[in-house]
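Asker: Pasting in a structure now, in structure tokens, and then I'll have a few things to ask.
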Amino acid sequence: MIKPEKETEDSTYAYLRPKDAATLILIDRSAETPKVLVGKRHDKVVFQPGKFVFPGGRVDATDNRIPVAAEIPKALEAKLVSGSPKITPARARALAVAAIREACEETGLCLGRPMGGSAGSVATRLTGEWRPFADAGLLPDPSGLFFIARAITPPGRVRRFDTRFFTADISAIAHRVEGVVHADAELVELVWVELGSSSLDGLHAMTKNVLRELSHRLGQGPLSHAAEVPFYHQTNGDWRRDMI
């Protein structure tokens with residue numbers, strides 16, 4: 001059951017170190033105009049109550065140790081470890097894996113591939129939030145993710161995140177867990193919305209920035225790890241948009 005919380009802003013938190021987080025934008029390109037999956041948050045959660053968002057959350061300690069169907073491409077790793085503050089390749093992997101875990105936890109949609117011959121021993125390592133993958137005979141597969149944007153929550157917030165936004169095609173969805181989205185869950189509704197639709201106007205300003213970047217990238221042809229990635233952060237109270 002979701003309980004009410006409050007989010008405050010105070011200079012006390014100006015130097016609070018952001019937590020690494022990952023968000024996944026699932027995209028359906030089966031029609032002429034692509035659609036993205038958004039979820040409506042419970043009206044009693046601390047961040048963006050009642051708003052439509054993309055599934056995501058902070059990196060867990062186990063995310064880097066989970067077995068995967070295929071490692072992230074080296075080009076994606078190189079892009080993720082760029083920028084400042086820098087991270088290790090292991091952290092880059094953990095970010096991509098966290099995006100998959102959060103999507104499965106919040107939407108019931110799990111990106112993966114069937115386990116190989118050592119399924120029994122591998123499945124024992126998929127516990128807790130990863131149990132749906134083991135039950136379906138799958139390993140999470142971050143190899144099809146693309147890095148779209150990075151954004152750090154401004155100073156002064158009780159919760160600060162250094163978020164990497166990823167996208168993946170719906171063809172990567174290998175399993176659906178029923179009953180994840182309901183009236184008392186973090187996400188109470190899922191909706192596929194066309195890119196550019198007025199239905200997306202109420203999204204958080206940063207989320208809309210990321211969607212504009214995704215739309216631009218899709219307009220350039222097939223997604224590529226070589227494309228520049230915007231990095232949004234504040235310096236001396238002013239927003240900056242650097243490129244990675």
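Asker: Which members of region 133-155 meet the condition of being in a loop (DSSP other than H, G, I, E, B) and small (Gly, Ala, Ser)?
Answerer: Once the filter is applied, which keeps residues that are in a loop (DSSP other than H, G, I, E, B) and small (Gly, Ala, Ser), region 133-155 yields Ala136, Gly137.
Asker: A further question follows. Among residues belonging to region 1-32 that are β-branched (Val, Ile, Thr) and modelled with pLDDT under 95, point out the one that is surrounded by the most Cβ atoms within 10 Å (Cβ to Cβ).
Answerer: Ile2
Asker: Enumerate the pairs (first residue in region 183-209 and free of Cβ contacts under 8 Å to residues at least 24 places away in the same chain and within 13 Å of Thr33 (Cβ to Cβ); second residue anywhere and exposed (fewer than 14 other Cβ atoms within 10 Å of the Cβ) and of a type in the set (Gly, Ala, Ser)) with beta-carbon separation below 9 Å, excluding pairs fewer than 6 apart on the same chain, so at least 6 apart or on different chains.
Answerer: Pairs found: none.
Asker: With respect to Ala136, is the statement that it is modelled with pLDDT under 95 and hydrophobic (A, V, I, L, M, F, W, C) true? Step through it out loud before you land on a result.
Answerer: Numbers: modelled with pLDDT under 95: yes; hydrophobic (A, V, I, L, M, F, W, C): yes.
When the stated conditions are applied, Ala136 passes them.
Asker: Could you tell me whether any residue of region 156-179 is assigned to a loop (DSSP other than H, G, I, E, B) and free of Cβ contacts under 8 Å to residues at least 24 places away in the same chain?
Answerer: Just the residues of region 156-179 that are assigned to a loop (DSSP other than H, G, I, E, B), to begin with: 156, 158-160, 177-179.
Next, from what is left, pick out any that are free of Cβ contacts under 8 Å to residues at least 24 places away in the same chain: none.
No: zero hits.
Asker: Could you please tell me which pairs satisfy a Cβ distance under 9 Å, a separation of 6+ or placement on different chains, a first residue in region 61-87 that is at positive phi and in contact (Cβ under 8 Å) with a residue 12 or more places away in the chain, and a second residue that is exposed (fewer than 13 other Cβ atoms within 10 Å of the Cβ) and in a loop (DSSP other than H, G, I, E, B)?
Answerer: Correct list of pairs: empty, since none qualify.
Asker: So, in region 36-56, of the ones that are in contact with a Lys or Arg (Cβ under 8 Å, 6 or more places away or on another chain) and not hydrophobic (A, V, I, L, M, F, W, C), which residue ends up surrounded by the fewest Cβ atoms within 10 Å (Cβ to Cβ)?
Answerer: If we take residues in region 36-56 being in contact with a Lys or Arg (Cβ under 8 Å, 6 or more places away or on another chain) and not hydrophobic (A, V, I, L, M, F, W, C), then Gly50 is surrounded by the fewest Cβ atoms within 10 Å (Cβ to Cβ).
Asker: Next question, about the same structure. Show the residue pairs meeting these rules: Cβ distance below 9 Å; 6+ apart or different chains; first residue within region 225-240 and touching a residue at least 12 places away in the same chain (Cβ under 8 Å); second residue part of a loop (DSSP other than H, G, I, E, B) and exposed (fewer than 11 other Cβ atoms within 10 Å of the Cβ).
Answerer: Pairs that qualify, where the first residue is touching a residue at least 12 places away in the same chain (Cβ under 8 Å) and the partner is part of a loop (DSSP other than H, G, I, E, B) and exposed (fewer than 11 other Cβ atoms within 10 Å of the Cβ), are Phe231/Ser84.
Asker: Filter region 210-244 down to the residues that are of a type outside the set (Gly, Ala, Ser), surrounded by fewer than 13 Cβ atoms within 10 Å (Cβ to Cβ) and closer than 25 Å to Val38 by Cα and list them by number. Walk me through it before giving the result.
Answerer: We begin by selecting, within region 210-244, every residue of a type outside the set (Gly, Ala, Ser); these are 210-214, 216-218, 220, 222-223, 225, 228-236, 238-244.
From what is left, the residues that are surrounded by fewer than 13 Cβ atoms within 10 Å (Cβ to Cβ) are 216, 220, 222, 228, 235-236, 238, 240-241, 243.
Once the filter is applied, which keeps residues that are of a type outside the set (Gly, Ala, Ser), surrounded by fewer than 13 Cβ atoms within 10 Å (Cβ to Cβ) and closer than 25 Å to Val38 by Cα, region 210-244 yields His216, Gln220, Pro222, Glu228, Arg241.
Asker: With (1) of a type in the set (Ser, Thr, Tyr); (2) assigned to a helix (DSSP H, G or I); (3) loosely packed, with under 11 Cβ neighbours inside 10 Å as the list, and Thr207 as the residue in question, which single condition is left unmet?
Answerer: (3)
The values are calculated or read from the model by the stated rules, or taken from the named source; none is laboratory data. It should be emphasised that the depicted structure is a prediction, and the values quoted were computed from it without experimental measurement. Backbone-built Cβ (ideal geometry, glycine too); neighbour counts: all protein chains shown.
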